Amino acid sequence: MDILSFEFKKNTSITPNTNLLILDRDGVINVNIGYLHKIEDLIFTDEFPNIIDKFKVGWDVCVATNQSGIARGMYTKHDLAELSKYMEEKISLMGLDISRWYYCPHHPDFTGKCSCRKPEPGMLLQAIEDFKPKRTVFIGDKNTDLLAAEKAEIEYVDIKDVSLFTV
Ligand SMILES: [Mg+2]
Ligand SMILES: [Zn+2]
C-alpha cells in the first residue's frame, strides 16, 4: 500500500544528509481535540514554540499523522489537505518550514490493516526514504508513536520532554 502525503510548496528540494525532524500532529503541533478538521478549531500546543526554537535551523521538517477520521467518514482527504496547508502557512510565519505531510487515512475496522497507521512505521520509513537524512528525530505524544519510532529505528522524543532535549 502506498504511503500518502501532501506537499504544498512547489520545488521543495531535498538535500540528502540533512537532519530530519518528523512531528506527530495531534498533541504535538496542535492541542488534540479529537479528529481536528476545521481551521477554526486549531489551537497550537504550549510546547510547539519550543520545538520551533530548537529545530528551525539545520533541520528538514515533516509531519506523520494518523487520520482515521477519513476512514470513519468524518472528513475527507480534501478537508485534511486544506487544514494542513493552512497549518503550514501559520507555522511558516512562526519560523518553521514544513516540507511534507504524511498521513494515514485508514482504520482497521473500516479499511483493513495498513502499513502506515502508527504504531506501524510506514510513514516514518517513507520519510526516511524520501529525505535520506543524516539523523532523524521523531516527536510524538503517545505510546503508538514511540513504538513506530522503535520499529523505524530512529530517535524518539516525547513532547513532554522537548524542553529538556538538546539537539
Ligand atoms: Mg498525537
Ligand atoms: Zn494507513
- For the stretch 128-149, enumerate the residues that are over 26 Å from Asp46 (Cα atoms) and within 16 Å of ligand 1 (Cβ to nearest atom). none
- Query: If you check Lys113, Lys85, which single one turns out to be out of contact with any helix residue (DSSP H, G or I) (no Cβ under 8 Å at 6 or more places or on another chain) and part of a loop (DSSP other than H, G, I, E, B)?
  - Reply: Lys113
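Among the listed residues Lys85, Lys54, identify the single one that is of a type in the set (Lys, Arg) and over 19 Å from Ile139 (Cα atoms).
The match here is Lys85.
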- Query: Does any residue of the stretch 15-32 turn out to be out of contact with any Ser or Thr (no Cβ under 9 Å at 6 or more places or on another chain), more than 25 Å from Glu153 (Cα to Cα) and not acidic (Asp, Glu)?
  - Reply: no
- Task: Could you tell me whether the stretch 57-68 includes any residue that is outside any loop (DSSP other than H, G, I, E, B), in contact with a helix residue (DSSP H, G or I) (Cβ under 6 Å, 6 or more places away or on another chain), more than 16 Å from ligand 2 (Cβ to nearest atom) and more than 23 Å from Leu125 (Cβ to Cβ)?
- Result: no
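Say whether the condition of being under 15 Å from the mean Cα position of the chain (by Cα) and over 17 Å from Phe6 (Cα atoms) is met by at least one residue in the stretch 104-118.
Yes - at least one qualifying residue is present in the stretch 104-118.
Every read-out reported here was derived from the displayed coordinates using simple, explicitly stated rules and does not represent laboratory data. Because the structure is predicted, anything quoted here is derived from the model rather than measured. Quick reminder, even Gly has a Cβ in these numbers, built from the backbone with ideal geometry, and neighbours come from all protein chains shown.
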